[in-house]
Structures are given as structure tokens and as C-alpha cells.
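Each value in this text was obtained by applying a stated rule to the coordinates, not by laboratory testing. Remember, it's a predicted structure, so these values are computed and weren't measured experimentally. Cβ atoms come from the backbone with ideal geometry, glycine included; neighbour counts cover every protein chain shown.
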Amino acid sequence: MVNKTHEMKLYKMKLRLKTTFLALTILQLSLAQQIDGTWNGKLNVQGQEIPLVFHFTENKKEIKGTMDSPSQGASGIPIDKVTFKKNELSLSMMGGSIEYTGELDNNTIKGLFKQSGMEFNLNLTKGEMKKPGNTKLPSTDEELKALAAKEKGKYTYAVNDYFAKPKSSSFQLSPNGTFMSYREKDENLKKHVYVKNIKSGEVKRVIEEKEELIRGYGWANDSRLVYVMDKGGNEDYHLFAVDIDGKNQKELTPYKGVKVNILEMLKEDKDHMIISMNKNNAEVFDPYKINIKNGEIEQLYENKDITNPIANYVFDKDGNLRGYAKLKDGMNYEIYYQKSNGKFEVILETNWDDSFYISNFNYASTNKNEAYVVSNLNSDKTEIFRYDLEKNEVLEKLFGHEKYDVNGLATSRNRGWELDYFSYEGEKYHIIPISDYYKKLHARLKEEFPNHEFYVSDKTDDETQYLIYVTSDRLYGKYYAYDVQKDEIKLLFDLMPQLKEEDMAEMRPISFESRDGLTLHGYITLPKEAVEGEKVPLIVNPHGGPQGVRDSWGFNPESQLFASRGYATLQVNFRISGGYGKAFLRKGYKQVGRKAMDDVEDGLKYVIEQGWIDPEKIAIYGGSHGGYAVLRGLTKTPDLYTCGIDYVGVSNLFSFMETIPPYWKPYLKMIKAIWYDLDVEEEKQIMKEVSPVFHIDKIKKPLFVVQGANDPRVNIDESDQIVEGLRANGVSVPYMVKYDEGHGFGKEENRMEFYTAMMGFLAENLK
């Protein structure tokens, strides 16, 4: 009886234990199910929002997890350990020195993210993070790799030889010449900013590039640097500053959805600079004086009339607002100048496409109202004048050119604001020395670097030290240091030493006549096979813009890559391109997709007639407006091209107009004047005629489409429309989308993938 009683107690105890264990198991499973799935959140790091996505699954009573970092293009990063007990989540990733702890509360995990000794608040919410566009359309990584693999054979140079960012670049001198800054790439392809003490040789990393790219940087004064970044290519640039020892780093403009433009660096006020921001209204920009140490801002003027906003501000070297250009009725400008009575008065009214802008005030003159003005009000080409803004009259025409716009000039702050040179771009870039000092300097550099273009990329305030950038159509670029006192020129850095000049292709300027009698200019880059008399495949490469933009002579990595594969490249400065006068510009209005495309076709006809090109092997490739030209070319003349590559291109003029950035909206009338106006029935019909998306059935040749998901200028829907339409017709279209890019790919890894896939596509369709 005792034994039976004992057995019964043991049985009941086992039953209780089993029940308890079962309850705990059920509890653990329910807890696991609570976090099973996808959770997303955003880290705020120095004003940058870095999205993170966690994926959790319950497997054999364990919780497994991975992490995505979309802005880095990284996905499926394994999490070493995940625990979830009593609504508390804990995870660790040894490889990235990452830890996270958080508590689940009403479908939100509130917690702390730790990495390498730094801590950040991070809240996670359940559900997939919505990506822009139709996420079902992009080709898979495997499909794009298979496309890239279609290029076979051995070549002297690989894609990365042309498109890897230089190991070091962006060299700059501190104003006093004590330091030199530069960018240097690490093993993860991040380009950090370093400062070197020229005398001691000591080097310090002062700006670390993380998930977001440093879009530009420069010296604010002898002890502090400024730099700009956006988020994933959205072009909402924010301004940052840091001391030259890497300390006192600060985001100066921590305003969400606000874009910063730098107007004046203010050498005479070392603690401030002048910027503009669309802080008060997304559509217009107001000027501010900003303290580069603490970010304190002072609004200097207000865009009160949003319908007729101020489009451009003019400040003098001391940071005083001296004038501005105000948009009138969306199509014209009123030029205001502060007269001696202290009031801003209208001195000129101009058409929107006329040029009149103050390049510099003439501080060498006793007349404070005298300025160097670039204008084409009384001529077809822009010219440079000395101008009295108070009296509103020309004092002297200084320089002009009969064929090309003139727009560049430089003065010397060190030599009492002496005028040093003028510049313009014809077939090549030209500098016209004016001062005796610069004539001597220019002659010295011309002697040192014959048959190359050279530029003064930077100089010290006392003009004793110069940085000289040397390049050509066959030379990517070299930086030289020039010590004026010693008359000593030393090579500082060869940006792309792996690319030998003798192996690169020649870029030749060309000119020809359009079908309606207009003289056109452009460039042809010929591979050695064409130079030796062989007919080669051609890539037609229309430029972006289209208005006011042009192709130029010089080293073009794309053209050189194409030449290394045996392809020639044609670049045509079609009507509406910049640099050839306002009559040439205006001939392109309302001709996008029409006569502008005729010009490209006439350029193609010209190079075929020269005997260089195989007319059966012609591709068309371009970005932005160039991408539009690809789609338009494949629909306008479907038998002319063998294949096409559309890079961030417009496909539908109607949806394009509807999705422009807010700060473009004040200029919508101008855009309509250049492109087309859907409120005018005749032009509305033209828009349908020249919008490729309405003529998808005419696309007979292979097409490769490439898009940045965060593009603020050409919405991802433009690419989605063309891909979806073609696939609905049963046409296979490789489609590359990068969710951490905007209007063009800025990240090296993405560019490599793009051009590698492009080479496979061309090998498949053009060889």
C-alpha cells in the first residue's frame, strides 16, 4: 500500500512536471511566433537614417535570424544568436560587433542597438519595409550574373580598371598651405577623408564614410572642413562640418526633407558661410548665413512670393546680399540690385533663357558697383563685360568668341583682385591668360604638360603652392604639386595608374551638317581596329539634360571601356546642347524626341559614311535624357539599332511631368517650353507621339533597363512602365534596380555590377 501510494505520488509529480514542461514549450513557441517574421527600423546616426531589416524564424525550438542593410545593398547577414524570453529580445552578431536588446510592447520592439562601443536607440515594427516601384519586376541577382557571364574572352583591362574609384582622389590644400586633404578608399570601397600635415607627414582620418556617400567636401577655413551627404541618392543634401583632427563633428543642417546648396564660402569670415535651403517651403530656397562650428543660422532674405520666387542670389565677398534674380510669371526674370539708397530695384528684365549673371564683383575697382558680368542679351553667344550695376550700363566688353559661349574668368585675391584669365569650351577647353603673372604660369604648365589639358585645381591663399590636375582623352588624370618659389613640379598622385595612355583610344572632335542644314559638333572614340581600317560596332551615346548640357573632349571611362572591347562611341551635341549660343539652344525647344533625335541619327549617318562603322551592329545607350533617347530611338527608328541600354531614362512624358521634385515646380513653365505643354492640345498629341511607353509594340530589338529606386528626377515608375509593358508583350527585358541609388549609381559596387552586366548584354547582342 505504501509502495502504491509512493508510485501514485511519483506519477502525479511526473504528470505535473510534464504538464508544466508542455506549458513552457507552448509559451516559448507562442513567444517565438510573436517575433516570427520581418521587423524593420531606422538607426539615426549623425542625422542619417540607416534602415535595418531583421528576419526571424522559429526552427526546432530555436530562433534563427538574418539582417538586411538596404542602404548598403547587403541582405541575409546571419545573426549568431537570438533569444526571446518574457517579451525581451536579445541578439548578437560577432562579425559586426553588433548587439541588440529590446522589449516587445504593442507590436513594437523598443530597444538599444550597440556596435563597436557606440549605442543608438532602435525601435522595430513588424512588417515588410515597402520598397519603391514594382518589386516583382527587377531581374534576380542570378539572372544579372548570367547576363554578365555572356562576355567571354581575355582583355587587357577589366571593368573595374575603368570604374573602380581611385585609391586616392579629391586633393585639396588648406588655405594657409599647412595641410593637404584627400579621399582614400578602404577595402570596403568606402572613401574616407584624410588630412596630412605637409611638413611633418602626419596623417589623420577626419571624415569616415559609412552607409551614405560623401557627395563632396572642402576647406571652410584652416582648421575646419565641410561636407555634404544625402540619403540613398535622394539629393536632399545635408551639410556637415568637422575639425581637421576629426573632432567636433556636427551636422549643421539636421532638417528632414530639406536640400542644401552652398552659395558662398566667405574667406573674409572664417566662421561662416552662405547657404540656401528649402526649409520653409519645399518649392523654393531662402539664403542663410550659417555658423560652421555650431550650426546657428540666420535667414538673410525671404522668398515671400512663392508664385514668383527668387531663383538666384548674389553676395559679395563679405557676405552682403547685393542682388537677386526673381522669377516672373514662371517664364522671365527681374534682375534686382541694391542701389546706393539701400533699396533693391529692378535693373533688367530678361527672358528665362537669356543669360545675365554676375560672375564676380570687381574688387580692384574703386567703383563698388562694378562687376564682371556674363551676358548674351545683345548677342547670340555669352560674352564677358565690365558692368556698372548702379547705372545699369556696360563699361567695357572684355572677351567673346564668334563660335562658342564664353563663361569663365578668374581673379587673384592675393594680388589685389587682378584679372587672371578667361575660359571657354569649343572642341576642347581653352584658357586665355590675361595677367602677366598668369601668362607666365600658363606658359610654364604648357611647357611641362604638352598635348594635355591642365587645370589649377587648388592653390594656397598666398599663391605659393598649386595643385595642378592634368588629363587628356587618353589620360584619366594626375595630380601635381607646383612650388612657385622653387619652380618645382612634382607628381603627387596618378589616379588610375593601371590604365596606360598608349593603350587608350583617341577621342576625335567631329562636325557635320544636319538634314535641315544646321552645323553640329560631337566626338567619335575609335578603337584600334577602326583606326586600322576595320569596320567596328558602334555605341551611340546621347547625353543627358537635354538643355544646356553638352559632351566634352577628355577622358571618358565609358568610351574607353567600349573601345577596349572593340566598340566605337559616338557623342553628338544635338540642338539644345549648351555652349553653342542661344539660337542653337532654342532650335531644340519642342524638339525633344524629334529634331534632337534627327541630329543623333544624322551624326550616325556621318560616321558610317567615314567607313569606321559596321551599320549592322549599332547599339544606343544613355542616361537620364540619354535614357529617354534610347527608348525613343528604338520606337522612332526601330530598324536602325541592334539593341539599347536605358539608364534612368524617361519613358512617359505625362508621368514624368507629374513626378518632378517640388523645387522644380516653380520652373514648370520653362520645362514645358523646352519639352511640351500638355495643356496645349497639339503638343499633347506630340507628347503621345514621342513618349516611348505608348509605342512599346515598335520595340523590336533587345533592351536592358537600369534604374535607381530613389531617383528624385526620373521616378522609378518611368522604368517600371517600359519593362512591364514589354514583358506583357512577351518580350524578355533584363532589369537592374538598385534600392540604395538615385539618379545614376554613385556606389562603386553598383557601378561595377552595372557595367559588367552591360558588357555581357553588348557581347550577346553586338558582337
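Of note:
- Förster-model FRET efficiency, 56 Å R0, Glu501 and Asn341, C-beta, rounded to 0.05: 0.40
- Cα convex hull volume per residue for segment 505-766 (Å³): 123
- Gain on full stretching of the segment that runs from Asp141 to Asn312 - 0.36 nm per residue minus C-alpha separation: 57.1 nm
- In order through segment 226-231: 3J(HN,Hα) via Karplus (6.51 cos²θ - 1.76 cosθ + 1.60), integer Hz, x for Gly, Pro: 10, 8, 10, 9, 10, 10
- Considering all C-alpha pairs of the chain, those separated by over 36 Å amount to 53%.
- Here the simple spin-label model places points 7 Å from the Cα toward Cβ, and for Glu49 and Val258 these points are separated by 1.6 nm.
- DSSP bridge pairs, the chain: antiparallel proportion in percent, nearest 5: 90
- FRET efficiency for the pair Ile608 and Asp697, taken as 1/(1 + (r/R0)^6) with r the Cβ-Cβ distance and R0 = 22 Å, rounds to 0.20.
- Relative contact order of the chain, taken over Cα pairs closer than 8 Å and 6 or more residues apart, is 9 percent.
- Spacing of the modelled spin labels on Lys61 and Arg727, each 7 Å from Cα toward Cβ, amounts to 4.4 nm.
- Working from label points 7 Å from Cα in the Cα-to-Cβ sense, the Thr519 to Glu658 distance is 4.5 nm.
- Low-density loop cleavage sites - GluC sites (Glu not before Pro) in segment 291-323, where at most 13 other Cβ are within 10 Å (DSSP): Glu296, Glu302
- Ranked by the mean number of other Cβ atoms within 10 Å per residue, highest first, peptides 241-249, 210-218 order as 210-218, 241-249.
- Kyte-Doolittle at least -0.5, axis length at least 24 Å by Cα - qualifying DSSP helices, the chain: 2-35, 748-766
- Stretching Lys114 away from Lys440 to a fully extended chain increases their span by 111.5 nm, per 0.36 nm per residue minus the current alpha-carbon distance.
- Reachable aspartates and glutamates from Lys114, criterion Cα separation under 14 angstrom, eight or more residues apart if same chain: Glu99
- Here the peptides 373-380, 550-557, 576-583 are ranked by packing, the mean other Cβ count within 10 Å, and the order with the highest first is 576-583, 550-557, 373-380.
- Given Lys199/Lys500; Lys210/Lys459; Lys326/Lys595; Lys528/Lys605; Lys199/Lys289; Lys582/Lys672, the pairs whose alpha carbons are separated by over 24 Å: Lys199/Lys500; Lys210/Lys459; Lys326/Lys595; Lys199/Lys289
- Straightening the chain between Glu447 and Glu298 buys 48.8 nm, computed as 0.36 nm per residue apart minus the Cα-Cα spacing.
- Reach of Lys490 by Cα under 14 Å, taken over aspartates and glutamates that are not fewer than 8 positions away in the same chain: Glu448
- Computed FRET value (nearest 0.05) for Asp80 with Asp245, which takes r as the C-beta separation and R₀ as 30 Å: 0.25
- The listed peptides 671-679, 655-663, ordered by packing as a protection proxy, come out as 671-679, 655-663 (highest mean of other Cβ atoms within 10 Å first).
- Straight-distance crosslink candidates among aspartates and glutamates, where the alpha carbon sits under 14 Å from Lys698 and sequence neighbours closer than 8 are dropped: Asp639, Glu689
- With a cut-off of 15 Å on the backbone N, the residues of segment 337-362 near the modelled label site 7 Å out from Leu395 along Cα-Cβ are 358-362.
- Put a plus charge on the Cβ of each Lys and Arg, a minus charge on the Cβ of each Asp and Glu, and nothing anywhere else: the dipole of segment 195-261 about its Cα centre is then about 160 debye.
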